[in-house]
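The values are calculated or read from the model by the stated rules, or taken from the named source; none is laboratory data. The model shown is predicted, which means the values in this text are computed figures rather than measured ones. Virtual Cβ from ideal backbone geometry, glycine too; neighbours counted across all protein chains shown.
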Amino acid sequence: MNPDELLRRHRAVMPGWIALYYERPIELVRGEGFKVWDSEGNEYLDFFGGIVTTISGHAVPEIVEVVRSQAERIFHSSTLYLIRNQILLAEKLVELSPISGENKVFFVGSGSEANEAALLFATTYRNSGEVIALRGSYHGGSYGAMSVTGQAPWRATSRSALDVSYAINPHPAYGPLGPEEAAGDVRNLIETATTGHVAAFIAEPIQGVGGFIEPPPGYFRRVKEILDETGILFISDEVQTAFGRTGDHFWGIEAHGVEPDLITMAKGIGNGLAMGAVMGRAEIMDSLSPKLHISTFGGNHLATAGAFANLNFILENGLQHNAREVGGYLKRRLEGIANEHEIVAEVRGRGLMLGVELGDAVAVNRVLELCRERGVLFGKGGLRGSAIRISPPLTVTREAAEEAAGVLESAIAGIGEGGR
């Protein structure tokens with residue numbers, strides 16, 4: 001079945017709002033490391049990693065073998081029974097946690113579910129339905145996660161079970177406020193737009209769908225001081241930033257010298273397996289007691305076996321170090337491109353989580369098309385779809401980064417010369 005026929009059948013049975021990249025969508029059928037192939041045999045450098053997910057690479061033998069071995073034994077039992085790999089994975093995460101004291105972990109099937117669960121824990125623990133989120137944020141496509149998402153294009157409904165207030169993002173794209181003034185806006189929201197008894201503040205260390213926007217140094221530290229005055233919990237949404245992707249730190253929030261109360265994670269934890277988790281202070285995680293709860297699919301045998309193997313692969317192969325080294329090289333290369341081409345408004349991000357702001361969604365779409373034609377897959381994001389997102393597997397080499405940067409530069413040059 002060729003891609004055109006597959007697209008026709010896709011449109012016949014799938015909702016029309018499901019986004020597809022490219023004027024002629026492609027079907028990826030095979031992957032190896034940081035390379036993928038489509039159904040017509042075309043080879044690409046994968047520099048989006050399944051939306052910041054394939055952190056260790058495609059078809060990693062050490063992970064594949066563990067998943068295959070587990071699949072031959074048992075896929076599923078539910079949390080009504082002990083699951084060995086679930087416990088081993090939770091122990092490893094707790095060992096790596098930046099949250100002091102006793103930590104516990106709850107497993108789910110996605111980043112949206114992880115944020116839903118974190119909001120449930122926070123609102124139950126604090127006995128409050130009020131939450132503060134950042135403008136430009138994205139926390140998932142489920143009902144509750146969507147309600148704390150600060151981007152109109154990603155909110156299918158304005159309805160919510162939560163009372164949400166949105167703080168100003170301290171980035172030039174959202175206004176002129178610096179870190180101290182923007183933190184003051186959080187205080188002002190607490191004092192004016194809430195009852196004063198807020199459950200949680202939720203934020204991404206680097207906004208993913210927002211276009212890889214990072215708050216300036218000092219912002220989160222000042223916000224945390226304000227939150228601590230009344231006991232408001234800090235939820236760090238690490239669905240895209242965790243597991244060494246930002247290079248300098250294992251968890252994205254560590255770059256800001258702040259200790260959150262809850263961390264949510266997904267994407268990279270499973271390297272493509274449907275997997276997510278919430279980790280946090282034990283008293284918060286236990287706050288649903290004495291009620292009884294289960295998870296049918298969260299932390300199942302197959303997903304936790306693969307995730308545990310993936311986490312060990314990241315640690316044993318120094319992928320965080322590679323993210324820092326290759327990501328640093330790639331960012332410098334991108335900054336050089338920005339200096340040569342006026343269409344590039346900003347290069348931002350850390351490690352192998354980099355954004356190139358063009359300020360024009362049409363230009364971004366054209367650049368992505370040109371790069372695909374030349375064998376590189378990038379992503380896009382930003383409040384208006386005006387940023388290119390770059391997030392290859394952390395196994396990527398400097399040579400591949402240089403090749404991808406060269407392709408990107410030639411595409412940007414074409415756009416700048418009127419190729420739009």
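With more than 22 Å from SER236 (Cβ to Cβ) and in contact with an Asp or Glu (Cβ under 7 Å, 6 or more places away or on another chain) as the only criterion, which of SER77, SER69, SER39 stands out?
Details: SER77 fails: in contact with an Asp or Glu (Cβ under 7 Å, 6 or more places away or on another chain); SER69 fails: in contact with an Asp or Glu (Cβ under 7 Å, 6 or more places away or on another chain).
Answer to the check: SER39.
In segment 207-224, what count of residues is obtained for those that are within 19 Å of SER386 (Cβ to Cβ) and either of a type in the set (D, E, K, R) or in contact with a strand residue (DSSP E or B) (Cβ under 6 Å, 6 or more places away or on another chain) (or both)?
Residues meeting the conditions: 6.
Which of the residues that make up segment 47-91 are among the aromatic types (Phe, Trp, Tyr) and either outside any loop (DSSP other than H, G, I, E, B) or over 26 Å from the mean Cα position of the chain (by Cα) (or both)?
Scanning segment 47-91 gives PHE75, TYR81.
Please name all residue pairs, on different chains or six or more residues apart, with Cβ atoms under 6 Å, provided the first residue is in segment 13-41 and is outside the structural domain of ARG398 (by TED's automatic domain parsing) and at pLDDT below 95 and the second residue is among the hydrophobic types (A, V, I, L, M, F, W, C) and buried (at least 16 other Cβ atoms within 10 Å of the Cβ).
Here the result reads none, with nothing in segment 13-41 linked to a residue that is among the hydrophobic types (A, V, I, L, M, F, W, C) and buried (at least 16 other Cβ atoms within 10 Å of the Cβ).
Pick out the one residue from ILE74, ILE99, ILE83, ILE87 that is within 23 Å of ALA183 (Cβ to Cβ) and β-branched (Val, Ile, Thr).
Checking each option against the conditions leaves just ILE99.
Of the residues that make up segment 93-114, is at least one over 26 Å from HIS171 (Cα atoms), assigned to a loop (DSSP other than H, G, I, E, B), modelled with pLDDT of 95 or more and β-branched (Val, Ile, Thr)?
yes
Among the residues of segment 322-373, count how many are surrounded by 23 or more Cβ atoms within 10 Å (Cβ to Cβ), assigned to a helix (DSSP H, G or I) and among the β-branched types (Val, Ile, Thr).
The total comes to 3.
Would you mind finding the one in GLY349, GLY276, GLY298, GLY355 that is on the phi > 0 side of the Ramachandran plot and in contact with a strand residue (DSSP E or B) (Cβ under 9 Å, 6 or more places away or on another chain)?
Residue meeting the stated conditions: GLY349.
Among the hydrophobic types (A, V, I, L, M, F, W, C), within 23 Å of LEU96 (Cβ to Cβ) and over 20 Å from the mean Cα position of the chain (by Cα): does that describe LEU233? So that I can check it myself, show each step before the final result.
Values: among the hydrophobic types (A, V, I, L, M, F, W, C): yes; within 23 Å of LEU96 (Cβ to Cβ): yes; over 20 Å from the mean Cα position of the chain (by Cα): yes.
The answer is yes for LEU233.
Restricting to segment 285-304, name every residue that is within 23 Å of PRO260 (Cα to Cα) and surrounded by fewer than 19 Cβ atoms within 10 Å (Cβ to Cβ).
Of everything in segment 285-304, those that are within 23 Å of PRO260 (Cα to Cα) and surrounded by fewer than 19 Cβ atoms within 10 Å (Cβ to Cβ) turn out to be ASP286, SER287, LEU288, SER289.
Does any residue in segment 111-127 that is closer than 13 Å to LEU262 by Cα come within less than 6 Å, Cβ to Cβ, of a residue that is at pLDDT below 95 and of a type in the set (A, V, I, L, M) six or more places away or on a different chain, and which pairs are these?
ASN115/ALA145; GLU116/ALA145
State which residue is surrounded by the fewest Cβ atoms within 10 Å (Cβ to Cβ) when the search covers only segment 374-395 and only residues that are among the basic types (Lys, Arg) and outside any loop (DSSP other than H, G, I, E, B).
So, considering only residues that are among the basic types (Lys, Arg) and outside any loop (DSSP other than H, G, I, E, B), the one surrounded by the fewest Cβ atoms within 10 Å (Cβ to Cβ) is LYS380.
For segment 261-268, state whether one or more residues are polar (S, T, N, Q) and without any contact (Cβ under 8 Å) to a residue 24 or more places away in the chain.
The answer is no, given that none of the residues of segment 261-268 is polar (S, T, N, Q) and without any contact (Cβ under 8 Å) to a residue 24 or more places away in the chain.
State which residue is modelled with the lowest pLDDT when the search covers only segment 133-164 and only residues that are surrounded by fewer than 18 Cβ atoms within 10 Å (Cβ to Cβ) and hydroxyl-bearing (Ser, Thr, Tyr).
In this case the residue turns out to be SER158.
As an exercise: evaluate LEU6 against (1) out of contact with any strand residue (DSSP E or B) (no Cβ under 9 Å at 6 or more places or on another chain); (2) outside any helix (DSSP H, G or I); (3) of a type in the set (A, V, I, L, M) and give the number of the one condition it does not meet.
Failed condition: (2).
Which of the residues belonging to segment 92-105 are closer than 16 Å to PHE308 by Cβ and in contact with a helix residue (DSSP H, G or I) (Cβ under 7 Å, 6 or more places away or on another chain)?
LYS92, VAL105 - these are the residues of segment 92-105 that are closer than 16 Å to PHE308 by Cβ and in contact with a helix residue (DSSP H, G or I) (Cβ under 7 Å, 6 or more places away or on another chain).
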